[in-house]
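Taken together, the values in this text are just the output of simple stated rules run on the coordinates, not laboratory data. Computed from a predicted model, the values in this text were never measured in an experiment.
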């Protein structure tokens, strides 16, 4: 009886060690994927803001004004919420003379014009 309990305990310990090693090996990959997902979501939110600015520009143009809005407003978005960077909730910044949007957290990685030239 003691031998059976000892064998079961040994198998359980080996299983826990194996699962621990497996999770340690998988953690870096998970963290990289999580960071990539946040960057992708940030780029997507940036495009949503650029689209809203383009629509506002078109509305202004129809009213005889050739300008982008000075600031973002909630009524520019379908869900009534201004998109932000998912990393820490930082609002996007944009140039009201060109309509170009950028994220203060991802300035280099989100330059869409350069990325399109590389591909």
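Helix 2-62 versus the longest principal axis of the chain: what angle, 0 to 90°, nearest 10, using Cα atoms?
Approximately 0 degrees, to the nearest 10.
Mind checking which of 35, 11, 100 has the largest fluctuation in a GNM of the chain, springs on alpha carbons under 10 Å?
Among 35, 11, 100, the largest mean-square fluctuation in the Gaussian network model of the chain belongs to 11.
Å³ per residue of the Cα convex hull, for the chain?
So the per-residue hull volume is 156 Å³.
For the stretch 43-98, report the translational diffusion coefficient in µm²/s to the nearest whole number, using Stokes-Einstein at 4 °C, 1.567 mPa s, and a Kirkwood Rh over Cα pairs.
Rounded to a whole number, D works out at 110 µm²/s.
Using 0.36 nm per residue of separation minus the Cα-Cα distance, give me the extension gain between residue 58 and residue 31 in nm, one decimal.
Details: separation 27, 0.36 × 27 = 9.72 nm, distance 4.08 nm.
This chain segment gains 5.6 nm when fully extended.
Over the chain, with a Gaussian network built from C-alpha contacts below 10 Å, which listed residue (54, 39, 62) shows the highest mean-square fluctuation?
Maximum fluctuation in the GNM of the chain, among the listed residues, is at 62.
With springs only between Cα atoms under 10 Å, which of 56, 12, 25 fluctuates most in a Gaussian network model of the chain?
12
Relative contact order, percent, of the chain when contacts are C-alpha pairs under 8 Å separated by at least 6 residues?
20 percent
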